[in-house]
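Values in this text are rule-based calculations from the coordinates and carry no lab data. Just so it is clear, the model here is predicted, and its values are computed rather than measured. Neighbour counts run over all protein chains shown; Cβ positions are idealised from the backbone, glycine included.
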């Protein structure tokens, strides 16, 4: 019984010593092609989400990224011509059906590249992660360059990571403001 009490006390002490924060960020983009006589128009919306957990030294402890896209066609009268009742699957849910490999046979699928990005980001400082596209490796680095495993455009992914980080910073600011009022 004493052992359990000691283990619980140690766990509480360790939990109190580390300040872990989790934030959520969503980056969105949209585009459209106008309908013309004889051709339907197409609207597309995309949301990329990131759940990010950092320790008190801004080291990535956990990161999860996913994206969902919706497209629909419309006539030049503005009527939607696509079936919009279908369930929208995220890119991770689509898995191999996303189709990146079909379009680019030498590429990994979307979910595989995002998983590689997530693994790469773990244990790194958030500032380094946010600068992923300008990654500079040292000679003694254990990692493969990110560009060897992730070849797709990282813009929306990094935007969602930045927004998740901004959410964490806002939480810290709110905590500091609450402390200063006491």
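Taking 0.36 nm per residue of sequence separation and removing the Cα-Cα distance, the residue 69/residue 181 pair yields an extension gain of 36.0 nm. If you plug the beta carbon distance of residue 130 and residue 103 into 1/(1 + (r/R0)^6) with R0 = 35 Å, you get a FRET efficiency near 0.80. Normalised by 2.2 N^0.38 Å, with N the number of residues, the alpha-carbon radius of gyration of the chain equals 1.36. What the Cβ-Cβ distance of residue 96 and residue 57 gives, at R0 = 41 Å and to the nearest 0.05, is a FRET efficiency of 0.65.
Relative contact order of the stretch 30-98, please, whole-number percent, based on alpha carbon pairs below 8 angstrom and at least 6 residues apart.
27 percent
Summary of the geometry: the stretch 144-160 and the stretch 19-48, compared by the centres of their Cα atoms, lie 19 Å apart. Length gained on full extension, residue 29 to residue 79, computed as 0.36 nm times the residue gap minus the Cα-Cα distance: 15.8 nm. Inter-label distance, residue 152 to residue 20: 2.8 nm, where each label sits 7 Å from its Cα along the C-beta direction.
Given a Förster distance of 25 Å, report the FRET efficiency between residue 172 and residue 122 from their Cβ-Cβ distance, rounded to the nearest 0.05. The value I calculate is 0.75.
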